[in-house]
Amino acid sequence: MDRLEFLKRMGALVAGATMLNFDASAKSMMGFGEDEADGDIDADLPELVASKKINTHITPMDAGLSKPVTVLVIGAGNRGRTYARYASMFPNSMKVVGVADLSKSRRDTMAKNHNVPKENVFSDFRVALSQPKMADAVIIATPDNLHYEPCMKALELGYDVLLEKPVAPTERECRAILKQANKYNRIVAVCHVLRYAPYFVALKEVVDSGAIGDLVSIQHMEPIQYAHMAHSYVRGNWPLSSKTTPIILAKSCHDLDIIRWIVGKKCDTIAAEGSLHLFRKENMPKGAPERCTDGCPHEADCPYSAIDIYERRKKHLSVFDLPRRDEVLIREKLKTTNYGRCVFRCNNDQCDHYVAIMKFDGGSTASFTMDAFTPWGGRRTRIMGTKGFIEGNMTTFKFYDFRSGHTSVWDKKVREIPEYKGSGHGGGDHLLVRDFLRAVSAQDQKLLSSTIDVSIESHLMGFMAEKSRKSMKKMKM
Ligand SMILES: NC(=O)c1ccc[n+]([C@@H]2O[C@H](COP(=O)([O-])OP(=O)(O)OC[C@H]3O[C@@H](n4cnc5c(N)ncnc54)[C@H](O)[C@@H]3O)[C@@H](O)[C@H]2O)c1
């Protein structure tokens with residue numbers, strides 16, 4: 001590809017993405033204020049009446065246990081650290097008593113932060129799980145292809161398990177984990193953290209209240225954000241579907257799960273399309289070297305420049321385990337790790353756009369779009385019912401009642417609540433831990449929203465979507 005064509009392509013992609021405006025005012029959300037000449041818009045729609053507030057579902061973050069649940073953390077990376085942080089915040093409810101990670105600096109840091117005794121600090125999870133049971137529960141936060149083995153062993157040893165998503169890379173392994181959990185009568189909570197976020201809890205409650213009438217259809221979008229796509233699914237941990245899981249599971253199993261949860265009925269059929277449009281060798285601009293730091297002539301224009309993302313904007317630096325945010329240290333990482341490679345030269349195959357359509361028992365439908373080429377992340381959702389409509393962007397949602405014209409709003413600023421700070425996914429990360437600890441303490445999996453059986457069901461939707469995309473056939477669940 002020559003330079004002009006490359007620039008045109010880059011410009012078109014980013015301009016196209018920024019034109020989407022999901023954060024519009026209530027009026028433009030409803031289509032008011034637009035020219036009605038095309039006949040699509042009813043000028044007599046009732047004006048918006050002063051918005052009412054929807055119950056926020058902000059609950060205490062502390063599990064409030066009288067005796068802490070003890071945990072062994074397997075995988076002390078990004079997610080393992082996130083969950084372990086809960087123990088520092090609420091030591092009365094959780095205590096980290098063991099850690100396993102291949103990285104010495106990661107396991108040592110976690111051991112130091114939580115006063116883990118030396119004899120409970122391990123390199124490989126296999127060694128940790130060859131010891132007698134040392135805790136009430138295990139947190140499994142290893143890479144996607146290393147969930148199955150530790151989970152099966154931990155259940156056999158009698159641990160309850162907080163298991164990162166995706167459950168496992170194959171349908172067979174997912175089903176085997178469910179069987180093992182039942183066999184040993186243990187609790188497995190899958191980290192479908194969105195289910196615990198107050199935003200989604202409130203949204204589900206509005207749907208379940210019947211206020212929208214019958215749920216007829218859902219449009220749900222997962223905008224990955226262009227730099228996040230390059231970071232995670234081109235250069236980073238999940239570039240190859242065969243080595244991890246296809247992106248519909250690796251990134252979007254949360255979304256299939258949320259759609260299934262909101263609809264509240266079993267998925268009947270699913271069909272999908274998608275491909276890797278941009279990050280391929282044939283799209284590489286002329287003269288692009290192996291790394292952005294090798295004097296690439298396109299560095300100043302390329303939105304995916306590693307120098308721009310990591311060094312200038314200081315995004316996604318947690319993967320580097322740096323002692324400080326220092327440009328010299330970051331440059332060194334760009335010269336020596338995959339994160340400095342040209343995005344057109346990575347050995348990657350994950351789709352950068354993906355659409356799936358679903359039909360549920362009873363006939364309601366959902367369309368799901370995952371897109372790399374957006375300026376923001378998060379989620380965007382529209383729910384169409386026979387009596388009302390909901391539109392939200394994971395920060396706020398509005399319910400519009402057709403008959404009265406009233407709107408109700410959920411707009412709690414979760415990040416401003418002191419004990420919710422540092423809990424990603426709209427508060428869901430630590431609220432999941434809280435509910436897991438309560439479930440383990442009471443030995444009652446009903447205290448969880450994401451039990452292993454319901455999580456397996458939404459994972460199967462992902463496997464079927466991928467089968468459909470590859471075979472170009474609609475799949476019956
Ligand atoms: N729930 C969510 O929203 C969410 C978000 C991001 C990632 N994830 C999932 O969480 C999991 C972990 O992701 P991450 O971003 O924390 O990755 P990470 O690379 O930061 O952490 C994984 C850790 O596992 C360790 N590890 C690898 N093999 C090991 C072994 N044999 N024994 C012990 N430790 C081992 C690695 O050294 C690393 O520190 C992945 O499955 C990922 O898909 C979930």
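The values are calculated or read from the model by the stated rules, or taken from the named source; none is laboratory data. For clarity, every value in this text was computed on a predicted model and none was experimentally measured. Note: ideal-geometry Cβ built from the backbone for every residue, glycine included; neighbour counts use all protein chains shown.
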**Asked** Looking at S217, S242, which is the one that is small (G, A, S) and modelled with pLDDT under 95?
**Response** S242
**Request:** Please verify whether the stretch 247-254 includes one or more residues that are of a type in the set (S, T, Y) and over 15 Å from H425 (Cβ atoms).
**Result:** no
**Failed criterion for T142 (all others in (1) within 19 Å of H192 (Cβ to Cβ); (2) within 11 Å of the ligand (Cβ to nearest atom); (3) not in a loop (DSSP other than H, G, I, E, B) hold)** = (3)
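Quick check on the stretch 196-236: of everything there that is part of a loop (DSSP other than H, G, I, E, B) and within 13 Å of F279 (Cβ to Cβ), which residue is nearest to the ligand (Cβ to nearest atom)?
The initial filter retains those residues of the stretch 196-236 that are part of a loop (DSSP other than H, G, I, E, B), namely 197, 209-214, 224-225, 236.
If we keep only those that are within 13 Å of F279 (Cβ to Cβ) too, we end up with 224, 236.
On the way: I224: 12, G236: 9 Å.
Among those residues, the one meeting the criterion is G236.
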**Request:** Could you run through the stretch 37-83 and say how many residues are touching a Phe, Trp or Tyr at 6+ places or on another chain (Cβ under 9 Å), at pLDDT 95 or above and either assigned to a loop (DSSP other than H, G, I, E, B) or surrounded by fewer than 20 Cβ atoms within 10 Å (Cβ to Cβ) (or both)?
**Result:** 7
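Just to check your reading of the model, which residue among R403, R438, R415, R434 is out of contact with any Cys (no Cβ under 6 Å at 6 or more places or on another chain) and within 30 Å of P303 (Cβ to Cβ)? So that I can check it myself, show each step before the final result.
Values: R403 fails: within 30 Å of P303 (Cβ to Cβ); R438 fails: within 30 Å of P303 (Cβ to Cβ); R434 fails: within 30 Å of P303 (Cβ to Cβ).
Selected residue: R415, the only one of R403, R438, R415, R434 that is out of contact with any Cys (no Cβ under 6 Å at 6 or more places or on another chain) and within 30 Å of P303 (Cβ to Cβ).
Anything in the stretch 84-109 that is within 18 Å of L437 (Cα to Cα), in a strand (DSSP E or B) and free of Cβ contacts under 8 Å to residues at least 40 places away in the same chain? List them, or say none. Steps first, please.
Within the stretch 84-109, the subset within 18 Å of L437 (Cα to Cα) is 84-99.
Add one more test, that the residue is in a strand (DSSP E or B), and what stays is 94-99.
Result: K95, V96, V97, G98, V99.
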**Asked** Is there a residue in the stretch 146-165 that is free of Cβ contacts under 8 Å to residues at least 40 places away in the same chain, touching a Cys at 6+ places or on another chain (Cβ under 7 Å) and more than 10 Å from the ligand (Cβ to nearest atom)?
**Response** yes
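In the list S318, S367, which residue meets the criterion of being of a type in the set (S, T, Y), surrounded by fewer than 16 Cβ atoms within 10 Å (Cβ to Cβ) and in contact with a helix residue (DSSP H, G or I) (Cβ under 8 Å, 6 or more places away or on another chain)? Lay out the reasoning, then the answer.
On the way: S367 fails: in contact with a helix residue (DSSP H, G or I) (Cβ under 8 Å, 6 or more places away or on another chain).
Answer to the check: S318.
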**Asked** Somewhere in the stretch 333-342, is a residue in a strand (DSSP E or B) and within 18 Å of A272 (Cβ to Cβ)?
**Response** no
**Item:** Residue check, I212 more than 22 Å from the chain's Cα centre (by Cα) and assigned by TED's automatic domain parsing to the domain that holds F389
**Value:** yes
**Fill in**
Subset of the stretch 237-251, residues among the polar types (S, T, N, Q) and either within 11 Å of the ligand (Cβ to nearest atom) or more than 17 Å from K470 (Cβ to Cβ) (or both), comes to N237, T244, T245
